[in-house]
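Below: the structure, in structure tokens.
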Amino acid sequence: MPRVLVTGATGFLGGHVVAEFRHAFTLVTTSRRGGDFAVDLGDRAEANAMLDAARPDFVLHLAAASRMAACEADPDGARRNNVDVPAQLAARYGGRFLLVSTDLVFDGRCAPYGARDPVAPLSVYGVTKAEGEERVVAAGGRVARLPLLFGPDDQGRGASSMILSAIAGQRPVSLFTNEYRTPLHCRDAARALASVLLQTDLSRVVHLAGPERVSRWEFGQRLCSVHGRQPHMLLPAECQDPLRPRDVSLRSDFPQRSLAEMLADS
Ligand SMILES: NC(=O)c1ccc[n+]([C@@H]2O[C@H](COP(=O)([O-])OP(=O)(O)OC[C@H]3O[C@@H](n4cnc5c(N)ncnc54)[C@H](OP(=O)(O)O)[C@@H]3O)[C@@H](O)[C@H]2O)c1
């Protein structure tokens, strides 16, 4: 079985990836505060010592500064995490390195986006992820862009858990009517990433996205309907934030389950 290192294994997507990858790979996991190796990848010496010990055949890189507000507050930290770290890993592993990136590298004016469309990020998060992609590809590595992710999570992370836990706690939740994405269940993302990771002859940048374009508001309504929940705690809201693109729907390079099936499973 190929030996696969998953970074960011304690994160929202990381939990689903670890659950899926356990069956298919000899798995080694890392993050700052957990996994087989607890390492800050921004510390080059620590990271190299961990990589020497882990001896991976392939690396799936999920670790990132992934919160938009935190990236705006600390652009240098975001650049270290989202640009320097993946560039170093890609220089070491080339085509055996797969960076997970985001639909937020686009500005939302020309959706739906294919993997070859030019990027035009609006936020520090998007800018640093786009720079990370560029450095990874220049070093011979590969990139898989993902859309808004959802799925069960015991810490309430991700689009569906956040909505369902707010409803369970009788807390109102505002959802944008004018922000469109192609949401994908983390399990589907993890399965597609496993397949992309091994196919080193694919194009350098691929899109793994859900089959339907929906607003966050419509996503919430459909989630409630599938789960038999009353949607009265959902409040429609209009996004005015210039840093948030309005429509970053992706054209997926891989088929996924229907949105209805994915919502039922969240
Ligand atoms: N969530 C989404 O909807 C979404 C959508 C598109 C793309 N993505 C991309 O998918 C990836 C995973 O996202 P996520 O939502 O799972 O993120 P997350 O929940 O914030 O998890 C981030 C992970 O990265 C680790 N990490 C961060 N900085 C690190 C460092 N310097 N050294 C070592 N580990 C570090 C964290 O470890 P600790 O917790 O131990 O610090 C954590 O395990 C990211 O690359 C993100 O850009 C996410």
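Observations, loosely collected:
- Positions within the range 168-208 being touching a Ser or Thr at 6+ places or on another chain (Cβ under 6 Å) and in a helix (DSSP H, G or I), in sequence order: none
- Residue count for the range 162-203, restricted to those that are closer than 25 Å to residue 22 by Cβ, of a type in the set (Ser, Thr, Tyr) and at pLDDT 95 or above: 1.
- Unmet requirement for residue 159, which otherwise passes all of (1) closer than 21 Å to residue 246 by Cα; (2) modelled with pLDDT of 95 or more: (2)
- In the range 6-15, the condition of being open to solvent by less than 10 Å² (accessible area, probe 1.4 Å), part of a strand (DSSP E or B) and closer than 25 Å to residue 200 by Cβ is met by at least one residue.
- The range 104-121, subset of a type in the set (D, E, K, R) and over 16 Å from residue 178 (Cβ atoms), residue nearest to the ligand (Cβ to nearest atom): 117
- Test: residue in the range 76-85 that is farther than 20 Å from residue 18 by Cβ and within 12 Å of the chain's Cα centre (by Cα): no
- Scanning the range 184-193 for residues that are touching a helix residue (DSSP H, G or I) at 6+ places or on another chain (Cβ under 6 Å) and not charged (D, E, K, R) gives 185, 186, 190.
- Selection of the range 16-34 for residues being within 12 Å of the ligand (Cβ to nearest atom), of a type outside the set (S, T, N, Q) and surrounded by 21 or more Cβ atoms within 10 Å (Cβ to Cβ) yields 16, 17.
- The residue that is surrounded by the fewest Cβ atoms within 10 Å (Cβ to Cβ), counting only those in the range 54-79 that are more than 8 Å from the ligand (Cβ to nearest atom) and part of a loop (DSSP other than H, G, I, E, B), is 55.
- Which numbered condition residue 51 fails, given (1) open to solvent by 10 Å² or more (accessible area, probe 1.4 Å); (2) under 19 Å from residue 34 (Cα atoms); (3) within 13 Å of the ligand (Cβ to nearest atom); (4) not aromatic (Phe, Trp, Tyr): (1)
The values are calculated or read from the model by the stated rules, or taken from the named source; none is laboratory data. All values reported here derive from a predicted model rather than from experimental measurement. All Cβ positions, glycine included, derive from the backbone under ideal geometry; neighbour counts span all protein chains shown. Calculation scope for accessible area: heavy atoms of the full protein, side chains included, ligands and nucleic acids excluded. Shrake-Rupley method; radii C 1.70, N 1.55, O 1.52, S 1.80 Å.
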